[in-house]
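Everything on this sheet refers to the single structure shown next.
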């Protein structure tokens, strides 16, 4: 199967599994512990049904969505995904390129292989920057300044990584933070010639571009990753840090990783502009609820005081529509975009975007909704 013949996101996932060696594919797919949370993310949307209205003129339909005073072409963007260059070298730049081309936001990960400045050259006006708190707070503060100087539109603070978790696929594969492979894993990787040739051509594992400047001495890949893992996670991050980020960042500020209603209210008190309900793709707390589980209560609780967004388990355009019906203002996709990148680079990412956009349009027409801004819980059968 080729990229052109892929008809859904799962087809792109199949192509990704075929192209990537086991160590890379498992790193992309794995969740924490028994991967219960990861799997719940995928099935939670199936608990909801859309209630169609017929005999409505649906000739003209729009999915344009206003978020933070900007109108995007679709109600979804690319979520932050660390070390995307492991799956396709240059993947972050490709995601930034497609986000600009298709007029949707891209959240650049603080663990990206590209640097802040490299991505800014491609698309600063459609890019948000995501950071983790660092034990050496000055590193985070400096990255915030770099993102501002680079013209990024928003800053996203990830709060759902308070401590390292147990990702068992990585452990079994001997996956290290430097992404270097032990001999047995390297031999398996040789059975994926497209990936291994790209890996060797580029000198092995990619670095973490935004962290290179903070390395004392020669910024090798190993030393750069070592510095990153020394600083993250910062187990001492508190709401006082959020207030500090608010003081430092003059544009839109978003917290990613909120699941508790009281934390949503605290975010408002800290002056943030939006929250992304997330369980980190099921990679942190295996017994956490899914974002869609907590979305109705939180969206009703905060009302119009703050924009509520969501990620996790999005594989269909109908998933996005359900999230909007339940109160989300916007949706972000993580693995779906990476499947596109790994399977086919720029073409694959654009394919992932178009698959979801077309499914959104088809579902809007099927339920009789001509403007995506009109979605609400009245379009759900089981509210």
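Relative to one another, the C-alpha centroids of the range 25-60 and the range 73-97 are positioned 20 Å apart. Under the simplified labelling scheme, the residue 269-residue 185 pair shows an inter-label distance of 4.3 nm, with each label point 7 Å from Cα along Cα→Cβ. For the chain, give the share of DSSP beta bridges that are antiparallel, in percent and rounded to the nearest 5; count only bridges with both residues there. Roughly 10 percent of the DSSP beta bridges within the chain come out antiparallel. Taking every alpha-carbon pair under 8 Å whose residues sit at least 6 apart, the chain reaches a relative contact order of 28 percent.
The coefficient of translational diffusion for the chain, derived via Stokes-Einstein from the alpha carbon Kirkwood radius under 4 °C and 1.567 mPa s, stands at 61 µm²/s. When the alpha-carbon atoms of the range 214-259 are used, the pair Rg, Dmax equals 14.5, 40 angstrom. Here the gap between residue 61 and residue 226, fully extended at 0.36 nm per residue and compared with their Cα-Cα distance, gives a gain of 54.4 nm.
Using Cα centres only, tell me the gap between the range 245-285 and the range 322-383 in whole Å. Cα centroid of the range 245-285 versus Cα centroid of the range 322-383: 22 Å apart. Taking the helices alone, the chain has a mean residue ellipticity at 222 nm of -13000 deg cm²/dmol, built from -39,500 (n - 2.57) per DSSP H run of at least 4 residues and averaged over all its residues.
Ranked highest first by the average count of other Cβ atoms within 10 Å around their residues, in what order do 120-132, 250-262 fall? Could the numbers behind the result be given before it?
Details: 120-132: 21.2, 250-262: 18.5.
With the highest mean Cβ count within 10 Å placed first, the list reads 120-132, 250-262.
Where a number appears in this text, it was derived from the coordinates with a stated rule and is not lab data. Fair warning: this is a prediction, and the values are worked out from it, not measured in the lab. Every residue, glycine among them, receives a Cβ derived from its backbone with ideal geometry; neighbour counts consider all protein chains shown.
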